[in-house]
Amino acid sequence: MSTIEILPEKTLRDMKKLLDNASGLQVYQEGASYQFLDEKELLSTTIEVVETAPELEVHGSVGNDLNDTDNALKIYSYLGRLNRTQASDPRLWATLTHTTFWDYCLKRWPNSLKEEDNKSRNYILEHWFETPGAGLAALRRNAISRLWWGAHLTVAPWEDTSEFDIFQDSDRTIYTSILLSQQQIFFDVLERSYGSSPKLRICLLDALKKYLPEVSNKDNLSKAVSKKLRLVLKGRHLEALPVKDLRHILHDMVEAEAEALLKAS
């Protein structure tokens with residue numbers, strides 16, 4: 001076992017400043033490694049990991065799974081169940097994207113945007129660091145933290161509380177697979193305020209699991225359900241309901257939106 005070391009805040013600030021020029025951006029397009037970290041001071045943490053980090057793979061097309069589920073499970077197994085302070089530390093995730101998992105990040109989130117329109121800089125901040133001022137949602141866009149959070153919030157939820165026994169399945173990663181099957185679903189589940197509720201999160205993923213196969217445009221279903229759910233939550237405190245009742249409501253909601261999409265197609 002070894003202990004993870006992370007970059008200090010000052011170093012990260014300097015790295016972000018480099019994004020203001022073309023050479024600082026270019027390294028995210030073709031660099032075999034992040035070249036500005038030679039002899040940089042590192043800070044010790046209490047996070048213990050195995051000596052050999054997992055190899056993350058990228059297969060598929062942009063917008064789809066791209067091995068996200070498998071990679072999420074590898075990251076979760078590698079880092080373990082971090083406490084909330086550790087999991088919310090942007091220094092950890094920025095260190096991992098620029099060191100251990102640099103090759104994976106280049107492949108999974110290729111920076112092919114034009115440098116002069118500033119979108120390239122924002123894209124790198126979002127996936128290699130964190131988007132300033134975006135809170136916890138920003139950490140869930142980081143290339144590595146999104147994988148850890150995706151697994152942490154969805155793997156075998158019935159093992160954490162008997163309230164979720166009705167969802168028990170032989171596949172402990174069934175909801176992780178749904179969450180990471182489409183970028184839009186990840187956004188609509190984990191980057192909305194209702195995604196912080198375990199009951200709403202799992203009931204929604206459970207309903208999507210049933211009805212996603214019925215529609216061709218899965219992103220549109222996720223968007224429609226998210227819009228409807230946000231409207232309903234303005235007038236009803238659904239989280240207070242028993243899980244079995246909430247599950248029924250979410251299934252009815254997703255079914256209605258799926259049927260509407262099928263009629264419109």
For residues that are under 30 Å from residue 206 (Cβ atoms) and surrounded by fewer than 20 Cβ atoms within 10 Å (Cβ to Cβ), scanning just segment 127-152, find the one that is modelled with the highest pLDDT. 152
Filter segment 207-237 for residues that are aliphatic (A, V, I, L, M) and under 17 Å from residue 157 (Cβ atoms); which is surrounded by the most Cβ atoms within 10 Å (Cβ to Cβ)? 208
Of the residues that sit in segment 191-210 and are in contact (Cβ under 8 Å) with a residue 40 or more places away in the chain and part of a loop (DSSP other than H, G, I, E, B), which one is nearest to residue 243 (Cα to Cα)? 197
Flagged pairs (Cβ under 7 angstrom, 6 or more apart or on separate chains; first in segment 15-28, free of Cβ contacts under 8 Å to residues at least 12 places away in the same chain; second outside any helix (DSSP H, G or I) and of a type outside the set (Asp, Glu)) are 27/34; 27/35
Looking only at segment 153-169, how many residues end up being part of a helix (DSSP H, G or I), surrounded by fewer than 18 Cβ atoms within 10 Å (Cβ to Cβ) and in contact with a helix residue (DSSP H, G or I) (Cβ under 7 Å, 6 or more places away or on another chain)? 4
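Any chance segment 181-190 includes a residue that's under 21 Å from residue 141 (Cα atoms), assigned to a loop (DSSP other than H, G, I, E, B) and within 20 Å of the chain's Cα centre (by Cα)?
Within segment 181-190, the subset under 21 Å from residue 141 (Cα atoms) is 181-190.
Cutting the leftovers down to assigned to a loop (DSSP other than H, G, I, E, B) gives us 181-182.
Narrowing further to those that are within 20 Å of the chain's Cα centre (by Cα): 181-182.
Yes - at least one qualifying residue is present in segment 181-190.
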Take the residues of segment 1-14 that are of a type in the set (Asp, Glu) and in contact (Cβ under 8 Å) with a residue 24 or more places away in the chain: which is farthest from residue 72 (Cα to Cα)? 9
Could you list, in sequence order, the residues of segment 24-58 that are within 17 Å of residue 123 (Cα to Cα) and exposed (fewer than 10 other Cβ atoms within 10 Å of the Cβ)? 30
Considering 124, 178, which residue is aliphatic (A, V, I, L, M), within 19 Å of residue 58 (Cα to Cα) and either in the same structural domain as residue 50 (by TED's automatic domain parsing) or modelled with pLDDT under 95 (or both)? 124
Would a scan of segment 219-237 turn up a residue that is modelled with pLDDT under 95 and polar (S, T, N, Q)? no
For segment 102-119, name all the residues that are modelled with pLDDT under 75 and in a helix (DSSP H, G or I). 115, 116, 117
Inter-residue pairs, beta-carbon under 6 Å, first closer than 24 Å to residue 72 by Cα and in segment 38-54, second of a type in the set (Gly, Ala, Ser) and surrounded by 10 or more Cβ atoms within 10 Å (Cβ to Cβ), 6+ apart: 51/2
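The values are calculated or read from the model by the stated rules, or taken from the named source; none is laboratory data. Since the model is a prediction, treat every value here as computed from it, not as a measurement. All Cβ positions, even for glycine, are placed from backbone atoms using ideal geometry, and neighbour counts span all protein chains on display.
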